[in-house]
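Remarks on the structure that follows.
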Amino acid sequence: MRSGQRLGRRFGWLWGAYGASALGTWLAFGSFELIAIRVLHAGPAVVAALASVGAAVGAAVAVPLGPWVEFRRKRPVLIAMDLVRFAALLTVPAAFALGVLTFVQLLVVSVVVAAADITFRAASGAYLKTLVRAEDLLVAGARFESTAWTTTIIGPPLGGAAIGLLGPVATVVADGVSYLLSALGVRASGGHEPRPERQKAARMRAPELLDGWRYILADPILRPLFFNTALFNALVMAAQPLLAVLMLGRLGFSPWQYGLAFAAPSIGGLLGSRLARPLVTRYGQHRVMVASGALRALWPIGLAFIGPGTGGLLLVMGVELGLIFCCGVFNPVSSTYRLERTRNDRVTRTLTAWAVTTKASTALLTALWGVLGALLGPRIAVALAGALLLATPLLLPRRAGVPVTGAEVAAERV
């Protein structure tokens, strides 16, 4: 990334909004699980259900929103989704203060936040393509990625300390406020955004709900990347609730240690995101994406060997450092690859389909791993997820693709 490269004031506000919400998310890292475990006294299966069912239903709710958002201005949608998440999260501390907080409410809030999150991510991808030039997409993506890992370094330790002093509900408040700040940042980005033109009938039809998946599956480059991303993310995330139960329960780690174990290694993500563009310049986009995508799959199996005390903590930190560094390189390269291969009039639908599939597969595997954790124990379930991750590089694209050009778009419309 060229030092000091400017992408414009409007991008700067969007970047700042992203940083605010990302910090809030990491301040509240694991807060719902901790509330379920420590306030509602939930077991492994219930904690896994909270993560899986909320994400699955949220993904289903988001399905019709992709086609609907495609033909609307994206900035108002981004602001609305931030405000929805702000309002939903603040119901949790309100219910806790009144002594009426239940598992059902946590589940409903997780559904609303998941649906709003998918819609926000899809709309922001389309909005980003209107703010920066095509040749600057990787620079923008790397900046978002570096911000994500910076907030990951800062957020969990601060959140862990806040949980230790004030309880996990306090970090939910911080997360909600961060979405309000994000909404203000997106609003401040200003500028005129033309309303996208709808090529078909004014009323959305049921078959359009599947347009994003049709576009992905018809593309020989996007299709394998799509399956690789969905499976990798699902397996990594499916093991997280069980890892929380293992570390915070059986192994006796404190909340601040749990936060530190995932925060300190995030320096690897910051370094990886800074190296993404120089590596692409030297070795090529496809080669860097495949190499980093394959290397990231080698690390999670190490989490099966975690033990108590300092040695166990250092093992988690070492595994996470290697995993996060590879993800820090892979994520901005793959997201740029995806945007370049997607037509401007299909971005929101495609990104919605991508996010919905990732959320749904994560929910499905998280629920399955919750059952496996209850039957086999958290450690064996974590090991099984790590073993399956070793096969995910087989799904990476085997050949390089080229960005979609204006000629290709015109040809598809003939």
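To the nearest 10, the accessible area of Ile380 is 100 Å² with a 1.4 Å probe.
Extension gain for Leu217 to Ala87 (0.36 nm times residue separation, less C-alpha to C-alpha distance): 43.2 nm.
A probe of 1.4 angstrom, applied to the heavy atoms of all protein chains, finds Trp256 with accessible area near 140 square angstrom. Report note on the peptides 242-249, 280-287: ranked by the mean count of other C-beta atoms within 10 Å, highest first, their order is 242-249, 280-287.
Exposure check, 1.4 Å probe, all protein chains in place: Arg346 carries approximately 50 Å² of accessible surface.
A Gaussian network model of the chain, with springs between Cα atoms under 10 Å, assigns the largest mean-square fluctuation among Gly322, Gly12, Gly386 to Gly12. Over the chain, DSSP H runs of length four or greater, each weighted -39,500 (n - 2.57), average out per residue to a 222 nm ellipticity of -24500 deg cm²/dmol. For Cα extents along the principal axes in Å, the value calculated from this model appears in [x] 62, 48, 43; [y] 63, 45, 36; [z] 63, 48, 39 under label [x].
For segment 371-385, putting each phi into the Karplus relation 6.51 cos²θ - 1.76 cosθ + 1.60 with θ = phi - 60° gives couplings of 5, 4, x, 5, 7, 9, x, x, 5, 5, 5, 5, 5, 5, 4 Hz, in residue order, rounded to whole numbers and with x for Gly and Pro. Counting every alpha-carbon pair across segment 258-390, the share separated by more than 26 Å comes to 34%. Across segment 36-180, the mean sequence separation of Cα contacts (distance under 8 Å, 6 or more residues apart), normalised by length, yields a relative contact order of 35 percent. Spin-label model, Arg133 to Leu184: label points 7 Å out along the Cα-to-beta-carbon direction sit 3.4 nm apart.
The values are calculated or read from the model by the stated rules, or taken from the named source; none is laboratory data. Source: prediction; values computed, not measured. FYI the Cβ positions are ideal-geometry reconstructions off the backbone, even for glycines, and counts take in every protein chain you see. Side chains included, ligands, DNA and RNA excluded: accessible areas come from the protein's heavy atoms. Shrake-Rupley method; radii C 1.70, N 1.55, O 1.52, S 1.80 Å.
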